[in-house]
There are 2 protein chains.
Amino acid sequence: MKKECVFCTIKKEEKILETKHCYVYPDKYPLSRGHILIVPKKHYESIMAMPDEVLFDVIKTVKLMEKRLIQRLKVEGMDFRENYRPFVPESNLRKAHIHFHIIPRTFKDMIYRAKGEIKRKEISEKDKAWLIKKLK
Amino acid sequence: MKKECVFCTIKKEEKILETKHCYVYPDKYPLSRGHILIVPKKHYESIMAMPDEVLFDVIKTVKLMEKRLIQRLKVEGMDFRENYRPFVPESNLRKAHIHFHIIPRTFKDMIYRAKGEIKRKEISEKDKAWLIKKLK
């Protein structure tokens, strides 16, 4: 556990789910409604550093959460992503503690077609509570 | 196997690696040098449709290939992604046969910061042969 790491110190009560090796949380700056993170409990910095057992737990959790997003939030599609960018200075753009995104997508959204950076707004307490309840 | 599916009918000799349940190929329209795909042998359309055994094979192969990309191509970082977009008409933008991308990244590349669509050029035979040899 690293004291300065946002995922090592995140409030556990804001979790959607807990498995043996990971937590599921709402993304703090969601790209779309239902944007969630799968975060290993331990501070790994890459897929390469993760034991197979933890990787298997993560990917099974992704499968479970994708099913819930479809069943409960009626999402139309999803992007699954993880970024390993040790070259970026620690910032909002990079968290060293590995985390996997599931980002609900629709045909008409403009994510990735946006010109330049997308402005991401912090999720409200109300929306966060709704999402946690919905996906628990 | 689906006759009309590009990944069911891809030339097997162009593979980088074969595991029990998947192949690794160079991406046909790479976003960066070393952009590869991990493709299950069977035609699954989503993570949700994949048996755990196949999912575990895929994620272990991602781990292996990320190590090789760092060791052999000296890449500085990588994006790992999979897109489930059943709402998009079958096209260059969507292949129903699931595939997982590993996209090497550098601090200075402009991927995702580009305005609008990125023009993706087909990989040359020479570059493809080089990449297969390098990562085999």
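Points to keep in mind about this one:
Each row is one residue, and each column tells you yes or no for (1) under 19 Å from A:Ile102 (Cβ atoms); (2) acidic (Asp, Glu); (3) touching a helix residue (DSSP H, G or I) at 6+ places or on another chain (Cβ under 8 Å).
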residue	(1), (2), (3)
A:Lys12	no, no, no
A:Ile16	yes, no, yes
A:Asp27	yes, yes, no
A:Leu37	yes, no, no
A:Lys42	no, no, yes
A:Glu45	no, yes, no
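Conditions tested, residue by residue: (1) more than 9 Å from chain A (Cβ to nearest Cβ); (2) of a type in the set (Val, Ile, Thr); (3) assigned to a strand (DSSP E or B).
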position	(1), (2), (3)
B:Tyr44	yes, no, no
B:Phe56	no, no, no
B:Thr61	yes, yes, no
B:Lys67	no, no, no
B:Gln71	yes, no, no
B:Met78	no, no, yes
B:Asn83	no, no, yes
B:Phe87	no, no, no
B:Ile103	yes, yes, yes
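A short reminder: the numbers here are calculations on the coordinates, not readings from a lab. Because the structure is predicted, anything quoted here is derived from the model rather than measured. Heads up, the Cβs are rebuilt from the backbone with ideal geometry, glycines too, and the neighbour counts pull from every protein chain shown.
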